[in-house]
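The values are calculated or read from the model by the stated rules, or taken from the named source; none is laboratory data. Source: prediction; values computed, not measured. Using ideal geometry, Cβ is built from the backbone for each residue, glycine included, and neighbour counts are taken over all protein chains shown.
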Amino acid sequence: MTLWEVDIYAGDGHPDREGISLTADARDLGLSGTADIASVRSYLLDGDVSAEQASSIAETLLADKVVEHTVVAPVGDIQLAQSPIDGATSIHVMPKAGVMDPVAASAKQAMADAGVAIDEVRTMRKYWVTGLEPNDLSTLAGKLLANDSIEQVVVGPLEMDRLQVGSPYTYELITVPIRSLDDDALMKLSSEGQLYLTLVEMQTIKTHFEELGRDPTDIELESVAQTWSEHCSHKTLAGRIAYRDENGEQRFENMLKETIFDATVQIRERLGEDDWCVSVFKDNAGIVRFDDDYNVVFKVETHNHPSALEPYGGANTGIGGVIRDPLGTGLGAKPICNTDVFCFADPSTSHENLPPGVLHPRRVMNGVVSGVRDYGNRMGIPTVNGAVYFDDRYLGNPLVYCGNVGLIPRDKSFKEVMAGDLGVAIGGRTGRDGIHGATFSSAELTSESETLSGGAVQIGNAITEKMVLDVLLEARDQGLYTAVTDCGAGGFSSAVGEMGEDLGVVVWLEKAPLKYDGLSYTEVWISEAQERMVFSVPERNWETFRELCESEGVEATVIGQFEDTGRLHLTYHGETVGDISMEFLHDGRPPIVRDAHFDAGDIQPLDVVDDAGFSDDLLAILGSLNVASKEWVIRQYDHEVQAGSVIKPLVGVENDGPGDASVVRPVLGSNQALAISCGMNPHFGDYDPYHMAASAIDEALRNCVAVGADPSRIAILDNFCWGYTDRPETLGSLVRAALACKDVAISMGTPFISGKDSLNNEFSFFDDSGEKQTISIPPTLLISAMGQVPDAAKCVTMDLKSAGNAIYLVGKTSEELGGSHWSLVRGLSGGQVPRMDTSVAKPTFEAMYKAITSSVVRACHDLSEGGLAVAAAEMAFSGGLGIALDLSAVRLSGDVTVGGEYTVKLFSESNTRFLVEVPEDKASEFEACFEGLTLSRIGSVTNDGVCKIVDGETTLIESEITALKEAWQKPLRW
Amino acid sequence: MAIPRVLVLRAPGTNCDHETKFAFEQAGGSADRVHINRLLENPSLASEYQILCIPGGFSYGDDVAAGRILANQMRNHLSETMHQFKADGKLMLGICNGFQVLIKSGVLLDDDDSGEPATLTWNDHGRYEDRWVYLKVNPETPCIFLQGIEQMYLPIAHAEGKFVTRDEQVFDSLSQSGQFALHYVNSDGSAAEGFPANPNGAQSNIAGACDASGRVLGLMPHPERFLDPLQHPRWTCEGLQDEGDGLAIFRNAVQFFA
């Protein structure tokens, strides 16, 4: 046996790109010297292999001889210590044993295909570093080269002789003496065992087992903890809440059911036979009607805590996980597009200002963007819509929302497990990865989280999931199974537990295929290893199902059987290790009772005084991180695979303008389409979460409507990310947002079809003086919208099209600068936050749809961050044209600060507004669509490349579009 | 033989197989998506087809290097089948990942004494990039797929698309035989000068290459993503073309057998 190392260097004349970029990044770290870094791609090969074989593998498989050269030798050999830079130290970074290493797995398979049997392969990155003091090397490794939650770092020569993973497991049944524990001991068990249950919940479990006259086994306790976790049961929001605000007190038995779900129920009742919802808040994703043959499904999830610890892996498995939701909806939907929304702290934050345990926001952003990229692109699913928000309160707790839309035949939209069906797991193998992810997501992050919960962090393997997708759709169309669900948080325990909820199930834990030896029966049960799906397969279909999977190289294993017992029965090699009733598991959780209150407070005055700085304000807002171009992110995502893309995320003459929503045609050859958009405004939440939520819905809807979606056929999703909801005021702000969701949804006739919450998004650390500091994220509600477009050829984009066309402002403008980007760039606070008037919004959206489908609109852009001025500038520079506006025709509604009218007209962020370009000969037809609504003709398109905004005789803004565009593109042009 | 049969080869991680099949069907062909395992079990399956297309995606995750593992599988097990397919006067097309596979498997360009004569490696900027590019067909190329086409506007979407030859000799010889079939250009048709017109830093702006016979073509851009006018990124501004620029490639292939 020899452990071979293959080092792959860039060949002569070919740059070492990673080395160059790391050398540049190292300058920002504030280290003692100036580092010079060279990078090497390496592989470790463990097996009975000759030198010739190792060289041959290196040259024909691992390296590309046209552009690279290799050094191949046994680990420890002097050849491997030859640095390309004089006097450099080597730093080796490799995945910790057991961490997913997809490239190694593929390489091993390819070596076997070439007839070389290798026992184990591991990828490694090797760096040669000069110019640093020895003690700065580990700082460099920790901050730039490696993430020690998943990677192992060796500074200096590597000393290893084997790659070993796992050791044999010796079975021993573990029981937990819960009946003898007092309250303190129960809580100790809850936190030290990473169960994260409350005292009342622990007491309930204790009582249950007292009644049974025995103690639980470890696996029983874990099953309960997983099922009762916030992540799986949403117990806080679905719990009893006593809520109080300025309007008095309201009591909820089940808050979500009585607000957001109830809105959908009411809308469906009102629609009667025209109800186009199919399955809402039930399955893994919400389902609505699409055309005569298909329904469409949509789900958005978050993966915040894992992304804080390991941004690449967290985001990677976040998108991988949400793709499995549509796959596990009904009998399986085909994923047709992804969405992604991220919240980060300012990437230019200085390294010195980082609290302990926090990764630098630039590193977080880079990791998250590449994590989503590498999974989404490999799955062959276009990422078509997203947003990136910045606020320093996301420093220790970034947010990563990932969404997926799927297409499902109408007759495959429902599932039903039958007694006698086999429980079949397919896809990835089970390993120790992701243990306690479900319960971990309920815990607050601390500077210690990395050491405590590193096991909850994982790396995905997209190709395994793509293979699962391929066979799943084939098996679905052949009718081989009765139900399917994904293995997400909680692993088998959640997936199998859910599928067997109405019947009962026996699981033979030793059958689950493992990545390596050494897993206990409990680890098998709660592992959150990625890329696994569970099916219920009638026995008569098993052989066909198995052969289908095998024909495409997908592992399928019977791990249990559904049976009409009402019990969850877990065995290991014939021994019962767990046996609990489904009733206790799913209905035994004591209701959470919480207080919630919201203190609206008085509106603080905002100093709105018109001064001469309008052009500077406009440039500052365009260059603010939230508004600035996200092209660097968007282009790293394949947004056109599957060939359905009609309106792309980037639009305009240079394909780089900020489109309002993307439009995709999911069925090749048909022009029926979906518009995908989102709305989010954490800054408004600092003033009033009610208006924040309403504004987020308005924004998501108007983005969809702006490209041509039918406003009567838009389905929306809610994703709440909040701080610590045990605090009544934090929970109160969430309830208040949910109340807005209900009110707006009902008034607009826009149903919520799915949603998810992520609570306790806070980060704690001890500062230099030993004081505990906590950073809570701002209340952050993401509204995702999926609108239907009957004919994609009618869609419009936001870029100006032809000089001479008229420009209209649709909608009312009020003094609503609270939380606006104008106040953000001016460093001001206070003021009225934008409100939504649904009695105006509904007819306005309908009129806009009528105008677009009548083909009288050449361009349409919604007004959001930065208001009218920003929208006008974006339309002009995206079209490569100019715009001339006179705002004297704009009548402001409500009271306006005297002397602040221009600022309000230019930068107020009032909802339900659009700027629209209309050809002169269509003007009257366009105006007729808006009868009875607020519409002002305010100017025209010019071809002078200038954005000029006046009010009567007063020039407010006059800027070249090239300067505006540069301000907008510069900040995130990485 | 009126309607040629097209084998759209898919492997784990292939993800443009559906729309590529659709493209050949739009062009009048009859296409099947066939898993690599079926071809490995029964290589003679290939003889039932006139066109073989390796579509885009990430075969085997592009682990190790883009297209490398599928390419080696073909080298190890399907070398004879592929050479017979070529020898029979049939057509082969590799799009994006398919181009990477055709190059690295030695099917598009034969190995010489020093090994593989060219490769597709990392984009100069080191990232995956989705972008529309202007392309000009080399008027000297013998390539069947590109007959009658002068310019095209198509999207690219890749991380490893930089075409590089091993040395000058290889470059000169391929250049002389018109095998550099497709080049990145500016919108006015002039030679691209760096990013973004040349999105990956490819040597001599090479976007596609064919074998000496002109019957095997590999290209980085995705013609199957521009079949109908609504797929153009600026149709709302520029109006609708009669058809997408990519369709002609598939039509040329189908009509070759008409």
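Residues in the range A:602-616: is at least one surrounded by fewer than 22 Cβ atoms within 10 Å (Cβ to Cβ) and within 12 Å of chain B (Cβ to nearest Cβ)? The answer is no, given that none of the residues of the range A:602-616 is surrounded by fewer than 22 Cβ atoms within 10 Å (Cβ to Cβ) and within 12 Å of chain B (Cβ to nearest Cβ).
Listed by first and then second residue, the pairs linking a residue in the range A:684-698 that is surrounded by fewer than 24 Cβ atoms within 10 Å (Cβ to Cβ) to a residue that is part of a helix (DSSP H, G or I), with Cβ atoms under 9 Å apart and 6 or more places separating them unless they lie on different chains, are A:Asp686/A:Met692. Restricting attention to the range B:117-128, the residues that are modelled with pLDDT of 95 or more and either more than 9 Å from every other protein chain (Cβ to nearest Cβ) or in contact with an Asp or Glu (Cβ under 8 Å, 6 or more places away or on another chain) (or both) add up to 7. Of the helices (runs of 4 or more DSSP H) entirely within the range A:806-899, those holding at least 2 residues that are under 31 Å from the mean Cα position of the chain (by Cα) and crowded, with 24+ Cβ neighbours inside 10 Å occupy A:838-853, A:867-879. Remark: A:Gly376 matches the filter, which requires a residue to be surrounded by 24 or more Cβ atoms within 10 Å (Cβ to Cβ), within 14 Å of chain B (Cβ to nearest Cβ) and on the phi < 0 side of the Ramachandran plot.
Quick grid of which residues meet (1) within 22 Å of B:His83 (Cα to Cα); (2) more than 9 Å from every other protein chain (Cβ to nearest Cβ); (3) assigned to a loop (DSSP other than H, G, I, E, B):
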| position | (1), (2), (3) |
| --- | --- |
| B:Ala2 | no, yes, yes |
| B:Val6 | yes, yes, no |
| B:Leu9 | yes, yes, no |
| B:Pro12 | no, no, yes |
| B:His18 | no, no, no |
| B:Gly28 | no, yes, yes |
| B:Val34 | yes, yes, no |
| B:Ser44 | yes, yes, no |
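Across the range A:699-726, the qualifying residues are those that are modelled with pLDDT under 95 and surrounded by fewer than 24 Cβ atoms within 10 Å (Cβ to Cβ), and the one among them that is nearest to the other protein chains (Cβ to nearest Cβ) is A:Tyr724. Counted as qualifying within the range B:162-244 are no strands (runs of 3 or more DSSP E), as none has 2 or more residues that are more than 9 Å from chain A (Cβ to nearest Cβ) and modelled with pLDDT under 95.
Residues that are among the basic types (Lys, Arg) and more than 20 Å from A:Gly804 (Cα to Cα) were ranked within the range A:931-974; the one that is surrounded by the most Cβ atoms within 10 Å (Cβ to Cβ) is A:Lys965.
Pairing residues of the range B:67-82 that are away from chain A (no Cβ under 12 Å) with residues that are buried (at least 21 other Cβ atoms within 10 Å of the Cβ), at Cβ distances under 6 Å and at least 6 apart in sequence or on separate chains, gives B:Met82/B:Val107. The set of residues from the range A:193-215 being in a loop (DSSP other than H, G, I, E, B) and either over 26 Å from A:Asn760 (Cβ atoms) or hydrophobic (A, V, I, L, M, F, W, C) (or both) comprises A:Leu195, A:Leu197, A:Gly213, A:Arg214, A:Asp215. Can you find a residue in the range A:378-389 that is part of a strand (DSSP E or B), over 30 Å from B:Ala11 (Cβ atoms), within 12 Å of the chain's Cα centre (by Cα) and of a type outside the set (Ser, Thr, Tyr)? Yes, the range A:378-389 has at least one match. Checking A:Ile408, A:Ile381 one by one, the residue that is away from chain B (no Cβ under 14 Å) and of a type in the set (Val, Ile, Thr) is A:Ile408 and no other. In the range A:31-42, of all residues being more than 14 Å from every other protein chain (Cβ to nearest Cβ) and in contact with a helix residue (DSSP H, G or I) (Cβ under 8 Å, 6 or more places away or on another chain), the one that is nearest to A:Glu68 (Cα to Cα) corresponds to A:Ala38. The residues on offer are A:Val667, A:Val646, and the sole one that is more than 10 Å from chain B (Cβ to nearest Cβ) and within 15 Å of A:Ala792 (Cα to Cα) is A:Val667. State whether one or more residues within the range A:596-612 are in contact (Cβ under 8 Å) with a residue 60 or more places away in the chain, over 25 Å from A:Gln832 (Cβ atoms) and touching a Pro at 6+ places or on another chain (Cβ under 6 Å). No, the conditions are met nowhere in the range A:596-612. I'd like to know if the range B:102-111 contains one or more residues that are at the interface with chain A (Cβ under 9 Å from one of its Cβ atoms) and under 30 Å from B:Ser175 (Cα atoms). Yes. I'm checking my understanding of the structure. Among residues of the range A:619-672 that are of a type in the set (A, V, I, L, M) and without any contact (Cβ under 8 Å) to a residue 60 or more places away in the chain, which one is surrounded by the most Cβ atoms within 10 Å (Cβ to Cβ)? Ranking the candidates gives A:Ala643 first.
The residue pairs whose first member lies in the range A:949-965 and is assigned to a helix (DSSP H, G or I), whose second member is surrounded by 13 or more Cβ atoms within 10 Å (Cβ to Cβ) and among the β-branched types (Val, Ile, Thr), and whose beta carbons are closer than 9 Å, counting only pairs six or more residues apart or on different chains, are A:Ile961/A:Ile883; A:Ile961/A:Val946. From the list A:Ile775, A:Ile783, pick out the single residue that is among the hydrophobic types (A, V, I, L, M, F, W, C) and over 26 Å from A:Ala706 (Cβ atoms). Answer to the selection: A:Ile775. Total residues in the range A:763-805 satisfying the condition of being surrounded by 19 or more Cβ atoms within 10 Å (Cβ to Cβ), in a loop (DSSP other than H, G, I, E, B) and more than 21 Å from the chain's Cα centre (by Cα): the figure is 7. Among the residues examined, A:Ser55 qualifies as closer than 23 Å to B:Asn76 by Cα and either in contact with a strand residue (DSSP E or B) (Cβ under 9 Å, 6 or more places away or on another chain) or within 14 Å of chain B (Cβ to nearest Cβ) (or both).
Residues that are in a helix (DSSP H, G or I), within 14 Å of chain B (Cβ to nearest Cβ) and among the polar types (S, T, N, Q) within the range A:58-82 comprise just one, A:Thr60.
Looking across the range A:20-45, the residues that are buried (at least 20 other Cβ atoms within 10 Å of the Cβ) and either hydroxyl-bearing (Ser, Thr, Tyr) or not in a strand (DSSP E or B) (or both) come down to A:Leu22, A:Ala26, A:Leu31, A:Ala35, A:Ser39, A:Ser42, A:Tyr43.
Pairs linking a residue in the range A:1-30 that is within 14 Å of chain B (Cβ to nearest Cβ) to a residue that is basic (Lys, Arg) and outside any helix (DSSP H, G or I), with Cβ atoms under 7 Å and 6 or more positions apart or on different chains, are A:Ile8/A:Arg41. Among the residues of the range B:49-65, is there at least one that is under 24 Å from A:Lys108 (Cα atoms) and more than 13 Å from chain A (Cβ to nearest Cβ)? Within the range B:49-65, one or more residues are under 24 Å from A:Lys108 (Cα atoms) and more than 13 Å from chain A (Cβ to nearest Cβ).
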